[in-house]
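Only one structure is covered here, and it is reproduced in the block below.
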Amino acid sequence: MVYIPPPHLASASRPSYAEAYNDILVSHRRSPQTSASSVILLVAPDVDALCAAKMLADMLQQDDVMHRIIPVSGIAELERMRDELMSYAELHTLMLINMGAILDLPSVEWFGEFSTKLSVHVVDSTRPQNLSSLFGGGENGDRIIVWDDGRAENMQEERKAWEALAYEPEPDSDEDASDDDSEEDKEGEQESDEELGSSPSGKRRMLDNGGREGKRRKLNDEVSRMSRDQRDAYSMRLEQHYVSGTSYGQSASATIYILATVLERVDNDLLWLAILGLTFQYTTSRVSRTDYDKFHSVYYDEVFRLNPRPDANLNPDNISASSPDDLSVRATEELRFMLFRHWTLYDAMYHSSYVAGKLGIWKDRGRKRLTGLLAKMGFSIPQTQQPYTHMDLDLKHQLRSKLDAIAPEYGLVELAYPSFARCYGYRAPPLSAADAVEAAGALLDVAGGVRMELEVEGSRHGGEWFGGGKMWGGGRSEEDRERKNMMRGVNAVDAKRPAEAEDNDEGKEGPEKNEVQWWVKNFWAAYDALSDITLLREALSLSMSLHRAIIRQGSSIIDKQDIRTMRSHRVVVLTQGPDLALFAHPGVLSRLAMWLVEALRDRLPGTAIAKPGRGGRGKKSLPFVVACLDEQAGTYIVVGVMGALDFGDVRKNEFGLAFLDAKERCNARTRHGSFDTSVLEINQEDLKLFLETLCEVGEGY
Amino acid sequence: MALPVSIRASVTPLELELIASETLVDIVPLISMEKTAFISGAYGPLRPPVKSRIPLWMATNLKLKKKCHIVPPDWLNIEFLQERLTHETSYPAFSDLPFRFAEIAKVILDVASDDLQNPDKIRSLLKDLREARQAKSREGLQKLDHSELSLPNLCSMEINEIRPFFIQAMSVLTKLVREPTAGP
């Protein structure tokens, strides 16, 4: 439970990232039992963690350190993994990427009972971080190392508060009290919504203990009376830290990039992966525009340092590889249209949530406005229905300037943001960072586990696409496909009954095995795609289908006015529809929720969730709760997002606490499937009650 | 055996590449290493930025881990190869090239193309050289007789290519030559 500051704040007595990394190398080389399981990376299933894991894997491989990467989908899975890891004798380094910051790692429940030679490194971008992980020391604690981005320096108040509550000032009368209090504290940190409840009872218990000691009673009473207000103040401080909601700090890939910079081992590959991590955080609204700009300028300088170009050309269409070995990264401007270089221009604008909101795409009138906007810019309808690559060259060059001139009339401002693109020699056209993130994200969410239909390029002949494409087969491995082919062959030839029986068996086991494994397969598909450009480009069409499904569902929701407005937030419940199975995945459901937020940003008034324990109302925002029925499992997946009122701003997500609170109150049977506390799986029957209690939460206690 | 029939009688290109990797090349190391004993010999010490000579297999390994830069051998540049190409196309004899130039060039282009000047031009020159020499070796095979085939300056990959053919051809020719004298 020590946090290490970033290198620019480090000093001789305060080790930083490089020292931690070198410690890993040293312990690997020194240990006689080193095997492939000595260094294990547990990785969360999002693009940022994927990039960070790949960067670390490359660096470890260059240092000849054998390691294993294990994808972990959620807290339940992490618990299972932990039990399994207890039995590995040769494990001496565990790295948690984008998970575990909120968990109380030194406690017995997590890593308290592991051997002392194990060190746990936490590289996580989620905030708030658990204070015992950050500040607790001691023999048990020094093994947990949190790689911090500099914000922990500003948490001295929280540190004082935590230490005061964990270690009591008086040595003797509080042996019992301190145990009680630290127990209370640990419980309190894990179920932070009960903090108010625990501190008063803790206070009472402490006073009782103070009273029991005969000799020092007066002294204790005086001391305890003095610190009663102090305790209140301290516990308020801690509560503030946890209750303000979840947000994201420096991306994990940025942390690893800083490590590589300190070790002087950066190159274009590491830079590109770091850029992807940052772009992921920005395009999924995890980080605000100001934070994005801060990191972007750092990467901008790095790009120019590593890729010297004689001419700085900002036009994204003029990027082309200068030679077959050209793998350089260039700085470009990226438009906010989704995957616009791989689609028709009309489709790209139609599917981007920003444009959708401003123009009202779900209605016919809105679509006409879109064609009107394109016509004003000088793009005829046949031109906009062409795939972007086949559009006229001069139109492409004019696109940017025309957009700047004409789009503000429709309320579309700030359409471009600075970003990067990478060349791949003559093997493939250059790919921009946003597109790469989209493709990787689509692979992570839906490469396997759900059937996706893709459009075949060129089959459209202009006009809309009505389906009738080919199926996505990329998520399954070669053996699965062969086995399925063999099954079909056996069925067709002869012996129908044994074949059917086998097929049924496989069918029954299939969902169970697949249920556990689909996110692992997706993870590895995305991991492979990060190094292979052909796989990544194939995944672009998968991403397009995903977006199409989201638009379909989102438009039908808005059209049917399915959004119920409660006192403090808005609720959408999906019980039917063609894509229900698709939306039963938490990743896809979160995308739908974010799309709804962006689309309705200007049309709905913001509300403010009242903060419990604080008097007034917090900042205004657009809270949205989306629930989708998972027919197979008989549960609802619920996702809560907090959209900010201004474009490019982000709000802390308070739904994690709100969900926990509501769950306590109505005793719903729920499960947290992923690391995001704002995603929940709840039993079918409990949904209605849960949603009702959720409304009451917002009013404070 | 799992290899196709045609190459069972000779060495595969991958094996030739392995053999060629024993050649010594110059590198500029980025890490330092003491004099270490390997099976084939003792190499080192490596002290950046002083150049040192190590086998190609070790240079490849270090390069993949970004721990050295490979200095291309003196024949692996545009001027030398261009000159050899013009010689190749103007004279009927084979020009003089290092015996294992094809394998060494391939390894260096794969692993360390950023250490070369103008790698794509080098690739196209190598391709042109191969085609010119291949045409000549085809013509040269017509002069095959039962006792000898002399093609001076042929390189290891090219020899490997025609080896299965001329072994068989020579044995057939030898039989033919012997038969007439064994007649009645």
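Can you find a residue in region B:40-48 that is within 14 Å of chain A (Cβ to nearest Cβ), at negative phi and not β-branched (Val, Ile, Thr)?
Scanning region B:40-48 turns up at least one residue that is within 14 Å of chain A (Cβ to nearest Cβ), at negative phi and not β-branched (Val, Ile, Thr).
Quick one: which strands (runs of 3 or more DSSP E) sit completely within region A:31-150 and have at least 3 residues that are surrounded by fewer than 17 Cβ atoms within 10 Å (Cβ to Cβ) and away from chain B (no Cβ under 14 Å)?
none
Here is a list of conditions, (1) more than 23 Å from residue A:295 (Cβ to Cβ); (2) modelled with pLDDT of 85 or more, and residue A:260 meets all of them except one; can you say which number that is?
(1)
Is it true that some residue in region B:114-129 is open to solvent by less than 50 Å² (accessible area, probe 1.4 Å) and in contact with a strand residue (DSSP E or B) (Cβ under 8 Å, 6 or more places away or on another chain)?
Yes, because at least one residue in region B:114-129 is open to solvent by less than 50 Å² (accessible area, probe 1.4 Å) and in contact with a strand residue (DSSP E or B) (Cβ under 8 Å, 6 or more places away or on another chain).
If I ask for residues that are more than 21 Å from residue B:135 (Cβ to Cβ) and of a type outside the set (A, V, I, L, M, F, W, C), which ones from region B:56-99 would you list?
Result: B:60, B:61, B:63, B:65, B:66, B:67, B:69, B:72, B:73, B:74, B:77, B:79.
Please find, within region A:370-401, the residue that is surrounded by the fewest Cβ atoms within 10 Å (Cβ to Cβ) out of those that are among the charged types (D, E, K, R) and farther than 25 Å from residue A:283 by Cα.
Only one residue tops the list, namely A:394.
For region A:556-586, give me each residue that is closer than 22 Å to residue A:631 by Cα and assigned to a helix (DSSP H, G or I).
A:556, A:557, A:580, A:581, A:582, A:583, A:586
Could you give every pair whose Cβ atoms fall below 8 Å, whose first residue belongs to region A:253-268 and is within 14 Å of another protein chain (Cβ to nearest Cβ), and whose second residue is open to solvent by 40 Å² or more (accessible area, probe 1.4 Å), counting only separations of at least 6 or pairs across chains?
These pairs meet every condition: A:265/B:66; A:266/A:306; A:267/A:306; A:267/B:66; A:268/A:306; A:268/A:327.
I'm trying to understand the selection: among the residues of region A:386-425, which are in a strand (DSSP E or B), touching a Ser or Thr at 6+ places or on another chain (Cβ under 9 Å) and at pLDDT below 85?
Across region A:386-425, the qualifying residue is only A:387.
Name every residue in region A:361-386 that is in contact with a Gly (Cβ under 8 Å, 6 or more places away or on another chain) and touching a residue at least 60 places away in the same chain (Cβ under 8 Å), in order of residue number.
Correct list: A:362, A:382, A:385, A:386.
Within region A:681-690, track down each residue that is part of a helix (DSSP H, G or I), surrounded by fewer than 22 Cβ atoms within 10 Å (Cβ to Cβ) and not basic (Lys, Arg).
Those that are part of a helix (DSSP H, G or I), surrounded by fewer than 22 Cβ atoms within 10 Å (Cβ to Cβ) and not basic (Lys, Arg): A:684, A:685, A:686, A:687, A:689.
Touching a Lys or Arg at 6+ places or on another chain (Cβ under 7 Å) and within 14 Å of another protein chain (Cβ to nearest Cβ): does that describe residue B:30?
yes
Determine the pairs where a residue that is free of Cβ contacts under 8 Å to residues at least 24 places away in the same chain and closer than 14 Å to residue B:21 by Cβ, located within region B:36-55, has a partner that is among the hydrophobic types (A, V, I, L, M, F, W, C) and surrounded by 11 or more Cβ atoms within 10 Å (Cβ to Cβ) with Cβ atoms under 7 Å apart, the partner being 6 or more residues away or on another chain.
B:43/B:54; B:43/B:58
Would it be correct to say that residue A:299 is open to solvent by less than 20 Å² (accessible area, probe 1.4 Å) and more than 14 Å from chain B (Cβ to nearest Cβ)?
For residue A:299, the condition - open to solvent by less than 20 Å² (accessible area, probe 1.4 Å) and more than 14 Å from chain B (Cβ to nearest Cβ) - is met.
Of the residues that make up region A:418-429, is at least one polar (S, T, N, Q) and farther than 26 Å from residue A:303 by Cβ?
No: zero hits.
Which residue out of A:352, A:328, A:323 is within 14 Å of another protein chain (Cβ to nearest Cβ), open to solvent by less than 60 Å² (accessible area, probe 1.4 Å) and under 28 Å from the mean Cα position of the chain (by Cα)?
A:328
Would you be able to tell me the number of residues in region A:415-430 that are surrounded by 15 or more Cβ atoms within 10 Å (Cβ to Cβ), over 21 Å from residue A:337 (Cβ atoms) and of a type outside the set (A, V, I, L, M, F, W, C)?
Qualifying residue count for the region: 2.
Could you check region A:299-347 and list, in sequence order, the residues that are modelled with pLDDT of 80 or more, farther than 21 Å from residue A:271 by Cα and of a type in the set (A, V, I, L, M)?
Selection gives A:335, A:339, A:345.
How about region A:653-680: which of its residues are out of contact with any Leu (no Cβ under 7 Å at 6 or more places or on another chain), buried (at least 17 other Cβ atoms within 10 Å of the Cβ) and part of a loop (DSSP other than H, G, I, E, B)?
A:654, A:673, A:674, A:675, A:676, A:677, A:678
Give A:616, A:643, A:648, A:606 a once-over and let me know the one that is open to solvent by less than 10 Å² (accessible area, probe 1.4 Å) and modelled with pLDDT under 80.
None of the others qualify; the one that does is A:643.
Which of the residues that make up region A:231-246 are at pLDDT 80 or above and surrounded by fewer than 18 Cβ atoms within 10 Å (Cβ to Cβ)?
Answer for region A:231-246, where residues must be at pLDDT 80 or above and surrounded by fewer than 18 Cβ atoms within 10 Å (Cβ to Cβ): A:232, A:233, A:236, A:240.
The values are calculated or read from the model by the stated rules, or taken from the named source; none is laboratory data. Since we're looking at a predicted model, the values are computed, not measured. Neighbour counts run over all protein chains shown; Cβ positions are idealised from the backbone, glycine included. To get the accessible areas, we keep the full protein, side chains included, count just its heavy atoms, and leave off ligands, DNA and RNA. Shrake-Rupley method; radii C 1.70, N 1.55, O 1.52, S 1.80 Å.
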